[in-house]
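The values are calculated or read from the model by the stated rules, or taken from the named source; none is laboratory data. The structure displayed is predicted, hence computed values, not measured ones. Heads up, the Cβs are rebuilt from the backbone with ideal geometry, glycines too, and the neighbour counts pull from every protein chain shown. Accessible surface areas use protein heavy atoms only, side chains included; no ligands, DNA or RNA. Shrake-Rupley method; radii C 1.70, N 1.55, O 1.52, S 1.80 Å.
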Amino acid sequence: RPVNVYASKLRRCTRASALDMLHPEDDPFDQPIQIERMEQGKEAHHAVLARLSRAGPFSDPRFKVIEQEHRFEVKDRGTVVITGKMDGRLAFDGGGKPPIEIKSGKSIQGCETIEDLDSGPWTRGYVDQLLAYLYADDRQPEPRWGVLFLEQFSGLPIAIRVDLEPHLGRVAAFLQEARA
């Protein structure tokens with residue numbers, strides 16, 4: 001059983017988060033359709049990282065993909081309340097090192113803004129997940145920001161910049177829920 005909330009499972013409902021932790025056996029991730037969705041997500045993840053790695057040297061400013069699958073912890077008053085793995089980090093010429101999170105699947109199709117993601121029951125947590133990374137991030141100068149890449153079924157992934165500062169109230173709320 002998990003002893004803290006996983007960033008990818010941040011929920012609006014404290015009860016749902018508690019059930020995820022107390023009864024992980026109820027999670028249907030051992031079903032064939034869920035296993036296939038996870039594999040498709042991994043393939044999309046690798047495809048976006050490959051595209052970013054190829055595009056970085058030709059961009060202005062130039063960047064590299066670093067720290068793939070980097071583990072992180074969010075502490076609240078000394079207690080680890082959220083853990084996870086960020087998909088990667090970009091290192092820009094000039095010093096910026098924003099974390100990135102890559103999402104794919106039907107639920108993100110048509111999403112182009114934070115508000116679009118917030119309106120979906122399955123996608124709202126994506127913003128919270130990246131905000132958790134930003135909150136715990138001590139490797140990036142202020143202001144802290146990151147990028148959500150949404151893999152589209154056709155065309156290039158959509159990149160959404162997420163800044164920490166305007167969402168500090170939201171971070172405080174999910175830290176309180178995670179602690180509960």
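With contacts defined as alpha carbon pairs under 8 Å and 6 or more residues apart, what's the relative contact order of segment 83-180 in percent? Let's see the in-between values first.
Numbers: 140 pairs, mean separation 26.5, N = 98.
Computed over segment 83-180, the figure is 27 percent.
Only Cα pairs within less than 10 Å get springs; with that Gaussian network setup on the chain, which residue of S17, S59, S107 has the largest fluctuation?
Residue with maximal mean-square fluctuation among S17, S59, S107: S59.
Select from segment 149-180 those chymotrypsin sites (Phe, Trp or Tyr not before Pro) which occupy a DSSP coil region and have at most 12 other Cβ atoms within 10 Å, ordered by residue number.
Hits after loop and neighbour filter: F153.
What does the C-alpha gyration tensor say about the overall shape of segment 51-95? Classify as rounded when a/c is under 1.5, otherwise prolate if a/b is larger than b/c, or oblate.
Cα axes put segment 51-95 in the prolate bin.
Please give the per residue accessible area of segment 43-168, computed with a probe of 1.4 Å over protein heavy atoms only, in Å².
Roughly 52 Å² per residue, with all protein chains present.
Lys and Arg at +1, Asp and Glu at -1: add these up for the other residues within a Cβ distance under 13 Å of L90 and post the number. Can you show the working numbers first?
On the way: positive: R51, R62, K64, R89, K97, R139, R161; negative: E67, D87, D93, E101, D137.
Surrounding charge for L90 is +2.
Over the chain, what relative contact order in percent results from Cα pairs under 8 Å that are six or more residues apart?
In percent, rounded to a whole number, it is 22.
Cβ under 13 Å from F58's Cβ, F58 left aside: what net charge do those residues give with Lys, Arg +1 and Asp, Glu -1?
+2
Using packing as a proxy for protection, rank 156-167, 93-104 so that the peptide with the highest average count of other Cβ atoms within 10 Å comes first.
Highest mean packing first, the order is 93-104, 156-167.
Quick one: work out the % antiparallel among DSSP beta bridges in the chain, nearest 5.
75 percent
Comparing D60, D116, D137, which has the greatest mean-square fluctuation in the GNM of the chain with Cα pairs linked when under 10 Å apart?
D60
What chymotrypsin sites (Phe, Trp or Tyr not before Pro) does segment 53-125 have in DSSP loop regions with at most 12 other beta carbons within 10 Å?
Counting only loop positions with at most 12 other Cβ atoms within 10 Å, the chymotrypsin sites (Phe, Trp or Tyr not before Pro) in segment 53-125 are W122.
Quick one: length gained pulling E73 to A172 fully straight, 0.36 nm per residue minus the C-alpha distance?
Values: separation 99, 0.36 × 99 = 35.64 nm, distance 1.54 nm.
This chain segment gains 34.1 nm when fully extended.
Which shape class, rounded, prolate or oblate, goes with segment 82-146 when its Cα gyration tensor gives a ≥ b ≥ c as root eigenvalues, a/c under 1.5 marks rounded, and past that a/b bigger than b/c marks prolate?
Here segment 82-146 falls in the prolate category.
Once the convex hull of the C-alpha atoms of the chain is built, how many Å³ does it hold per residue, rounded to a whole number? Write out the running numbers ahead of the final one.
On the way: hull volume 21.5 nm³, N = 180.
Each residue corresponds to 119 Å³ of Cα convex hull volume.
Could you compute the net charge surrounding E142? Neighbours are other residues with a C-beta less than 13 Å from the C-beta of E142; K and R count +1, D and E count -1.
Residues close to E142 contribute a combined charge of -1.
Each residue of segment 70-86 in order: what ³J(HN,Hα) in whole Hz does its phi give by Karplus 6.51 cos²θ - 1.76 cosθ + 1.60, θ = phi - 60°, with x for Gly and Pro?
Along segment 70-86, the couplings run 7, 6, 9, 9, 10, 9, 10, 6, x, 9, 6, 10, 9, 10, x, 10, 6 Hz.
Which one of L90, L52, L134 has the biggest mean-square fluctuation once the chain is modelled by GNM with Cα springs under 10 Å?
Sorting by GNM fluctuation, first place goes to L52.
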